[in-house]
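The structure under discussion appears below in the form of structure tokens.
The values are calculated or read from the model by the stated rules, or taken from the named source; none is laboratory data. Predicted, not measured: the structure shown is a model, and the values here were computed from it. Glycine also receives a Cβ, built like all others from the backbone with ideal geometry; neighbour counts cover every protein chain displayed.
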Amino acid sequence: MIVESTESQIKHECPNIANAVLGAVTVHKFPYNWNLKDANFTKDKGKVFSCFACGGGSSFGYKLAGFDVIGHNDIDKKMIEVYKANHNPKYSFLESITTFAKRKDLPKELYELDILDGSPPCSSFSMAGNREKDWGKEKIFREGQELQVLDTLFFDFIDLAKELQPKVVVAENVKGLLLGEAKEYVIKIYKEFDKAGYYVQHFLLDASKMGVPQRRERVFFIALRKDLAQPFLYYADMFTELPKIDMEFNEPVITLNDIKDNSANDEKCEMTDVKRNIWNNRINGDSDFSCTLGRIENRPNSMFNNNYLYGNKPLNTITSKKNDVLFDEPRHCNFNENTSGQTYPKDYNFLNMPYLYLLGMSVPPVVMAQISTKIYDQWLSKL
């Protein structure tokens, strides 16, 4: 487990100045700027298996929290290779979750999990996608993958949980799952978890409140097996009994200025004459290029989607696209700033994969470290 800076560390290393310094030090439970080579993963909190594992952002989170991530599953061959290069898993399965959930020859260790983790593909529910227009359609999530009906993969994941019966299941998805007609999917998710033998709750969490230098809202479904839940049950309302767990986070905000690194400014923003004019007329408070253009030319509905990044605020949600521009200089965030913003290790091996694509697809490690620590402290450590 790695910690950015803790009170005990400061007192141990600098006893003579501890009292004077502690008041000015911002303490974070987990690091946003770290290297794999320096990590000491204790692996003493329990076993985890990760589905839809991508590059292993959530797996890093579990490891930072002290869990032993024994394996992963993904349909993307390139992602499998990247995961193996950085995690060296005991078990690796290149396979659709649909067929993987039906297998009866899985290793015995997968039937002894503390946590089954998964991030089912979310483009069918993302506010940036086609949403309802794509529901029920077969799609290729990424070049080189098989055709899949993406909006049913969550239920295949629950089928896997029903088969493996881990103590806890954690599933991450986009905020759009809670909006509009997608709410019907949430109702079905709850019903399927109930059939699988789990109490489930969902939490909408913002990474910027969890020690991550990025505003990133995601919904997390956290389920506890019913036969283990009795010590934790309470009435959430007059009719609903649930295992109590606190998922409140209020870590100090980490801003762009905290992670800014001018040593590698190789991400200059390509400026057309129109964009240069917008840039030159920006004023403090403008949220994006469209806002500036709407003010200077009375064009409130322009299509520019370049958001400004202010030094005193966290990054916007990191995606595969370079849409955000620093307010005080015409460039995008560079590699070091984006990896810190996503709390990925600086020495991560991307195997020549576009790093923004992988980061944008991933759960920030610190987010999952925070969540899994609460799961361990409030549930697993008491079973």
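Laid out as a table, the results:
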quantity	calculated
All positions within region 253-289 that are of a type in the set (Ser, Thr, Tyr) and either under 14 Å from Leu315 (Cα atoms) or touching a residue at least 24 places away in the same chain (Cβ under 8 Å) (or both)	Thr255, Ser263, Ser287
Selection within region 233-246 - touching a Leu at 6+ places or on another chain (Cβ under 7 Å) and within 17 Å of Ile115 (Cβ to Cβ)	Pro243
Some residue of region 133-147 being modelled with pLDDT of 75 or more, surrounded by fewer than 18 Cβ atoms within 10 Å (Cβ to Cβ) and outside any loop (DSSP other than H, G, I, E, B)	no
Residue among Ala207, Ala171 that is within 23 Å of Asp246 (Cα to Cα), touching a Gly at 6+ places or on another chain (Cβ under 7 Å) and outside the structural domain of Thr339 (by TED's automatic domain parsing)	Ala171
Lone qualifier among Tyr344, Tyr355 - being under 18 Å from Arg216 (Cβ atoms) and without any contact (Cβ under 8 Å) to a residue 24 or more places away in the chain	Tyr355
Single residue of region 168-225 satisfying the filter (among the small types (Gly, Ala, Ser) and touching a residue at least 60 places away in the same chain (Cβ under 8 Å)) that is nearest to Phe157 (Cα to Cα)	Ala223
Some residue of region 180-192 being of a type in the set (Gly, Ala, Ser) and not assigned by TED's automatic domain parsing to the domain that holds Pro345	yes
Candidate set from region 242-280 (those that are in a loop (DSSP other than H, G, I, E, B) and among the hydrophobic types (A, V, I, L, M, F, W, C)); member that is surrounded by the fewest Cβ atoms within 10 Å (Cβ to Cβ)	Met271
Residues located in region 179-196, provided they are surrounded by 13 or more Cβ atoms within 10 Å (Cβ to Cβ) and among the acidic types (Asp, Glu)	Glu192, Asp194
Close pairs from region 309-338: first among the basic types (Lys, Arg), partner outside any helix (DSSP H, G or I) and at pLDDT 95 or above, Cβ under 6 Å, at least 6 apart	Lys313/Thr255
Ile283 being touching a Gly at 6+ places or on another chain (Cβ under 9 Å) and not in a helix (DSSP H, G or I)	no
Check on Lys162, modelled with pLDDT of 85 or more, over 19 Å from the mean Cα position of the chain (by Cα) and not polar (S, T, N, Q)	yes
Subset tally (residues that are assigned to a helix (DSSP H, G or I) and over 17 Å from Val169 (Cα atoms)) for region 231-241	1
Helices (runs of 4 or more DSSP H) wholly inside region 296-383 that include at least 1 residues being at pLDDT 95 or above, acidic (Asp, Glu) and buried (at least 22 other Cβ atoms within 10 Å of the Cβ)	335-341
Failed item in (1) touching a strand residue (DSSP E or B) at 6+ places or on another chain (Cβ under 8 Å); (2) surrounded by fewer than 20 Cβ atoms within 10 Å (Cβ to Cβ); (3) aromatic (Phe, Trp, Tyr), with Phe93 passing the rest	(2)
For Tyr199: the one exception among (1) buried (at least 20 other Cβ atoms within 10 Å of the Cβ); (2) within 21 Å of the chain's Cα centre (by Cα); (3) among the hydroxyl-bearing types (Ser, Thr, Tyr)	(2)
